[in-house]
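Encoded as structure tokens, the structure appears first; notes follow it.
The values are calculated or read from the model by the stated rules, or taken from the named source; none is laboratory data. Computed from a predicted model, the values in this text were never measured in an experiment. FYI the Cβ positions are ideal-geometry reconstructions off the backbone, even for glycines, and counts take in every protein chain you see. Only protein heavy atoms, including side chains, enter the accessible area calculation; ligands, DNA and RNA are left aside. Shrake-Rupley method; radii C 1.70, N 1.55, O 1.52, S 1.80 Å.
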Amino acid sequence: MPLSVPPNIPELKAIKPLPQDRRVSVVVVGAGLVGLSCALWLQRAGHAVTIVDPEPPLPGNGYLSAASFGNACTVALGACIPIGTPGILSDVPGMLLRRSSPLSIFWGDLPRLLPWLVDLVRASGQREFHRIVGVLGMLMRLAEAGHNPLFEEAQATHLKRPDGCLYLYRSERSFARAQRDIDLRRREGVRMEMLDRKAVKEREPHLAPLYSNGLLFNDAYRIDDALQYAQALASLFQSKGGQFVRSISRAIEPGDRSLAVRCQDGRAIEADRVVVAAGAWSRQLARTVGDQIRLDAERGYHVLFPRDGNLLSAPTCYPEHGFYMTPLGEGMRSAGTVELGGLGKPARPARTEIIEKMSRVLLPGLGEAGRTWLGFRPSMPDSLPVISRSPKDARIAYAFGHGHIGLTLAGITGRLVCDLISGHTPAIDLHPLRADRF
Ligand SMILES: Cc1cc2nc3c(=O)[nH]c(=O)nc-3n(C[C@H](O)[C@H](O)[C@H](O)COP(=O)(O)OP(=O)(O)OC[C@H]3O[C@@H](n4cnc5c(N)ncnc54)[C@H](O)[C@@H]3O)c2cc1C
């Protein structure tokens, strides 16, 4: 039985095309789901949009570098708990030292990571933690209002699989430890259902019986193919006159009357406004206009079991193992874990071996493993995204830093960025999401 009544949801006014004299030209840097959603919402308001990305999700392209490609495909509408929780200082050192832990680090990167880690610890204090849960809860309540119009217009609703998402706890003790977060989720209006051992077994008979309790997030859903969803958005964008430029943006050059996005191939694309939505790569671009942003990458992996998409009915996760097993059209995707170490370093096979091994323990029927993948979550220390004007130049908007929940929040981010650029008052206070909060 659902356990909670949702709190109020702020109203999002319909976006109508603006009068001609209020329309602007916009370059969006990055064709991940966040960039695509920004571009589509901006088009709805009548703006002329160009997207720059070396690898947009167009037929025949890779898209492998985007976190939007390889995630756990779960629109996790209950995910209002940040990664930094009170008690993190006592849990993390032990986790970092355990080889099979879902958390690992490139130790050589520790000095570079220190400011980010210090801010993570600050964000995990009781007061900050509770404040952050409130902000995330609000974004979660608006998430579907940001997604649905895009799903519908892109004719992609058939990709939604509304079967919820299941969390499992190995023992009564680990379930009891999760109570604080469950209570907070309830406070934020997240609908959940407690399942006993028998109910879990009935729902998911292929799971090894290594659980004492289950928690079903009723409103979460999976997207059967995140690449197909991105391609549907890209195709809609083009059909509405949007242009893709296949290149890497190296810098934003502010001029008196317009901005220029300088690309690797030497091109400079002029526009009235620029949106930086380049995921984990956004920090370097922001730096070119003088903004220092505490963004880093949380590396995450997936392993695909191509023949086993039918072994579960919904994304399933033991929080202590740090990955989801998501049944998809292409197979069972075990996706998650966190590796601190920034961009640029190659994948470490030991990390996917741990995911594969653990997946087999939890779901013994898994067959041969196929593709493995490394991706880069764009992460801020407080688990909140940056949805903000640049402090240095108000013509630049930032839309990145969504960490573990960028698929979930892509749509609402696009909508809020559209409000910023169109001069509308956003439906929520964006102060907690400002670029210069660290
Ligand atoms: C293992 C894993 C599991 C996850 N599971 C989930 C989940 O189940 N649910 C959820 O909500 N979230 C999940 N996430 C998080 C989610 O995938 C990300 O938060 C989200 O994809 C970020 O989207 P984005 O558009 O900001 O960045 P990306 O998808 O990374 O896109 C960035 C784009 O910018 C382009 N780019 C980079 N630099 C430049 C440049 N200089 N010029 C031009 N283009 C550039 C890249 O080519 C890329 O296409 C998961 C992440 C990982 C790694």
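A few points about this structure:
- Using C-alpha pairs below 8 Å separated by at least 6 residues, the relative contact order for the stretch 20-433 is 26 percent.
- By a 1.4 Å probe calculation restricted to protein chains, THR50 has an accessible surface near 30 Å², given to the nearest 10.
- Listed residue (TRP116, PHE151, LEU136) projecting farthest to the positive dipole end of the stretch 110-183, Cβ model: TRP116
- Förster radius 30 Å - calculated FRET efficiency between GLU11 and GLN292 (Cβ-Cβ, nearest 0.05): 0.25
- Which of THR425, THR408 is most accessible, then next, and so on - probe 1.4 Å: THR425, THR408
- A 1.4 Å probe, protein heavy atoms only, puts the accessible area of TRP281 near 100 Å².
- With the simple model of a label 7 Å out from the Cα in the direction of the Cβ, GLN284 to ARG122 spans 2.7 nm.
- GNM on the chain, alpha-carbon springs under 10 angstrom: the most fluctuating residue among ARG203, ARG351, ARG294 is ARG203.
- Compactness ratio for the stretch 329-424: Cα radius of gyration over 2.2 N^0.38 Å (N = residue count) comes to 1.45.
- In nm, spacing of pseudo-spin labels at ALA145 and ASP183 (7 Å Cα→C-beta vector): 2.9 nm
- GNM remark for the chain: springs join alpha carbons under 10 Å apart, and the peak mean-square fluctuation among LEU18, LEU416, LEU42 falls on LEU18.
- Treating r as the C-beta distance of SER239 and LYS160 and R0 as 22 Å, the FRET efficiency rounds to 0.55.
- Measuring against 28 Å, Cα to Cα, the residue pairs LYS16/LYS160; LYS160/LYS240; LYS198/LYS357; LYS160/LYS345; LYS13/LYS160 contain LYS160/LYS345 as the ones spanning a longer distance.
- Helix-derived mean residue ellipticity, 222 nm - over the chain, DSSP H n ≥ 4, -39500 (n - 2.57), to 500: -10000 deg cm²/dmol
- Quotient of C-alpha Rg and 2.2 N^0.38 Å, computed over the stretch 393-438: 1.14
- Kirkwood Rh, angstrom, the chain [1 / mean 1/r, Cα pairs]: 22.0 Å
- Distance between modelled label sites at ALA208 and ARG22, nm, 7 Å Cα→Cβ extension: 5.9 nm
- The figure for ASP225 is an accessible area of roughly 50 square angstrom, using a 1.4 Å probe on the protein chains alone.
- With R₀ fixed at 35 Å, the C-beta to C-beta distance from ARG99 to LYS201 puts the FRET efficiency at about 0.65.
- Amide N of the stretch 257-278 lying under 20 Å from the label point, which is placed 7 angstrom from the Cα of ALA48 along Cα→Cβ: 257-263, 267-276
- GluC sites (Glu not before Pro), loop per DSSP, at most 12 other Cβ atoms within 10 Å - longest free stretch of the chain: 12-367
- In the elastic network of the chain, a GNM with C-alpha springs shorter than 10 Å, the most mobile of GLY300, GLY365, GLY406 is GLY365.
- Full-stretch length increase - GLN264, GLU153 - with 0.36 nm per residue and alpha-carbon distance subtracted: 36.7 nm
- Charge dipole (debye, nearest 20) of the chain; +1 at Cβ of Lys and Arg, -1 at Cβ of Asp and Glu: 420 debye
- For the chain, the longest principal axis of the C-alpha atoms and the axis of helix 349-362 are separated by about 50°.
- Using alpha-carbon coordinates, inclination of helix 126-153 to the longest axis of the chain, degrees: 70 degrees
- Beta bridges from DSSP with both residues in the chain: antiparallel share about 70 percent, rounded to the nearest 5.
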